[in-house]
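Colleague: Below is one structure. I have some questions about it.
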Ligand code: SF4
Ligand code: SF4
């Protein structure tokens, strides 16, 4: 794949113009160099020793802009993995490549792990590990979503869904996962949560292709038999959806991964399809609120428009205005690394300004890390759309929609 992709580049530099990191940091030469050009050099007899690859946040905006269809971020990630065969991978990359293992340990130790991460005396330790002390680390829940779900009685229903939870919803924001289950069950689905590992995107983005491949093999082994039994796979995380759809076929290069990818749906995309087929439950209660919608880069790069604005548009009382302000700048683990904080915040500036000019009751976005960044940059509360839909379906609850928005803070 890499060889052919290198030859596809027309050297037009359109990708450089689309790159949010190159737009704020002149020391990054941009995706044209970090992808196709470095791809040639890095496989040569004397690989360059520069750190240019570390600038890329894996937002994939460059790929969307490329008129020649060059898989630029795949090239950058392959270049990164090749570079780390010649030099030692930084400790922060090795840690962030294993967010699943980190999450397991931090959840068992919560709430102590959360207090330690925020303690003043821990900040120098975090900095030495290569972790930024400019923003709070996400808090971990002692009871993960999957632990909660495993103790819950099975709710039989005629249609079935296999739910890919993702690390963030499992360890850091289990209420999003609970809302996802509630919305799917309300639409007549029995939800199955198979054994699963991190989708592998943090490993890929941090240059650890071997770890990403191991995760992909494990998840394929868990989910493909369910696809063969007629299950569709749904995830409420756009980055997990993108990884299962696009990266697994490339990483594993087998027909099984390609088959799996055809059955993966981001939750909003899945619900919009139900609506198009006249099968979405539309018994929404009124949810009063004026929301600003942020489109995550990894939803944009799936080329499916804005499914959540279509779905939320059906909820009475809810006014949703799209921000259309580009990348938030956090990009998964990228903005948590020491040395990336300022770049990450500079990239997010356009989004922060757009939020501040709209002055919404809350921001709505389907990406957990975009939510953290927007809240950090603006102080405005950010809510996952699944939580709003659960509220809209729950008219019997005494609380109104504004409470749903408040509860997500
Ligand atoms: S993935 Fe994003 S940050 Fe990386 S080179 Fe492409 S546009 Fe720039
Ligand atoms: S936009 Fe595509 S073709 Fe143009 S320089 Fe970038 S990678 Fe090459």
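Colleague: With 382, 347 as the choices, which residue is over 19 Å from residue 96 (Cβ atoms) and modelled with pLDDT of 95 or more?
Modeller: Only one candidate passes the filter, namely 382.
Colleague: Please verify whether segment 121-143 includes one or more residues that are more than 30 Å from residue 379 (Cα to Cα), away from ligand 2 (no atom under 16 Å from the Cβ) and surrounded by 15 or more Cβ atoms within 10 Å (Cβ to Cβ).
Modeller: no
Colleague: Which count do you get for residues in segment 68-109 that are over 23 Å from residue 210 (Cβ atoms) and more than 15 Å from ligand 1 (Cβ to nearest atom)? If you could, list the steps in order and put the result at the bottom.
Modeller: Applying the first criterion (over 23 Å from residue 210 (Cβ atoms)) to segment 68-109 yields 68-70, 106-109.
Still in the list and also more than 15 Å from ligand 1 (Cβ to nearest atom): 106-109.
Matching residues across segment 68-109 total 4.
Colleague: Something else now. Can you find a residue that is under 20 Å from residue 331 (Cβ atoms), out of contact with any helix residue (DSSP H, G or I) (no Cβ under 7 Å at 6 or more places or on another chain) and either assigned by TED's automatic domain parsing to the domain that holds residue 71 or crowded, with 17+ Cβ neighbours inside 10 Å (or both) anywhere in segment 250-262?
Modeller: Within segment 250-262, none of the residues are under 20 Å from residue 331 (Cβ atoms), out of contact with any helix residue (DSSP H, G or I) (no Cβ under 7 Å at 6 or more places or on another chain) and either assigned by TED's automatic domain parsing to the domain that holds residue 71 or crowded, with 17+ Cβ neighbours inside 10 Å (or both).
Matching residues to (1) touching a helix residue (DSSP H, G or I) at 6+ places or on another chain (Cβ under 8 Å); (2) within 21 Å of residue 367 (Cβ to Cβ):
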{"position": "70", "(1), (2)": "yes, no"}
{"position": "77", "(1), (2)": "yes, yes"}
{"position": "93", "(1), (2)": "no, no"}
{"position": "100", "(1), (2)": "yes, yes"}
{"position": "121", "(1), (2)": "no, no"}
{"position": "130", "(1), (2)": "yes, no"}
{"position": "134", "(1), (2)": "yes, yes"}
{"position": "139", "(1), (2)": "yes, yes"}
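Colleague: Sticking with this one: Is it true that residue 244 is farther than 16 Å from residue 59 by Cβ, assigned to a helix (DSSP H, G or I) and under 14 Å from the mean Cα position of the chain (by Cα)?
Modeller: It is true that residue 244 is farther than 16 Å from residue 59 by Cβ, assigned to a helix (DSSP H, G or I) and under 14 Å from the mean Cα position of the chain (by Cα).
Colleague: Is it the case, given these coordinates, that residue 406 is at pLDDT below 95 and closer than 24 Å to residue 275 by Cβ?
Modeller: no
Colleague: So if I check each of 292, 205, which one is crowded, with 17+ Cβ neighbours inside 10 Å and at pLDDT below 95? Don't jump to the end; show me each part of the working.
Modeller: Numbers: 292 fails: at pLDDT below 95.
Testing whether each residue is crowded, with 17+ Cβ neighbours inside 10 Å and at pLDDT below 95 leaves just 205.
Colleague: Okay, moving on. Tell me, which helices (runs of 4 or more DSSP H) wholly within segment 247-311 include 2 or more residues that are under 17 Å from the mean Cα position of the chain (by Cα), closer than 30 Å to residue 228 by Cβ and touching a residue at least 24 places away in the same chain (Cβ under 8 Å)? It would help to see each step written out before you state the result.
Modeller: Values: elements: 248-252, 255-261, 267-276, 297-300.
Per the criteria, 267-276, 297-300.
Colleague: Continuing with the same structure: Are any residues in segment 188-202 within 15 Å of the chain's Cα centre (by Cα) and surrounded by fewer than 24 Cβ atoms within 10 Å (Cβ to Cβ), and if so, which ones?
Modeller: Listed by number, the list holds a single entry, 197.
Colleague: Given the residues 90, 71, 138, 158, which is the only one that is under 30 Å from residue 279 (Cβ atoms) and touching a residue at least 24 places away in the same chain (Cβ under 8 Å)?
Modeller: 158
Colleague: Are any of the residues in segment 145-155 more than 18 Å from residue 202 (Cβ to Cβ), in contact with a strand residue (DSSP E or B) (Cβ under 9 Å, 6 or more places away or on another chain) and surrounded by fewer than 16 Cβ atoms within 10 Å (Cβ to Cβ)?
Modeller: Checking segment 145-155: at least one residue is more than 18 Å from residue 202 (Cβ to Cβ), in contact with a strand residue (DSSP E or B) (Cβ under 9 Å, 6 or more places away or on another chain) and surrounded by fewer than 16 Cβ atoms within 10 Å (Cβ to Cβ).
Colleague: So, one more: Kindly provide the set of residues from segment 13-30 that are crowded, with 22+ Cβ neighbours inside 10 Å and more than 9 Å from ligand 2 (Cβ to nearest atom), ordered by number.
Modeller: Listed by number, the residues that qualify are 19, 20, 21, 22.
Colleague: Looking at 54, 25, can you tell me which residue is at pLDDT below 90 and within 15 Å of ligand 1 (Cβ to nearest atom)?
Modeller: None of the others qualify; the one that does is 54.
The values are calculated or read from the model by the stated rules, or taken from the named source; none is laboratory data. Everything numeric in this text was worked out from a predicted model, so none of it was measured. Because the Cβ atoms are built from the backbone with ideal geometry, glycine has one as well, and the counts that use them run over all protein chains shown.
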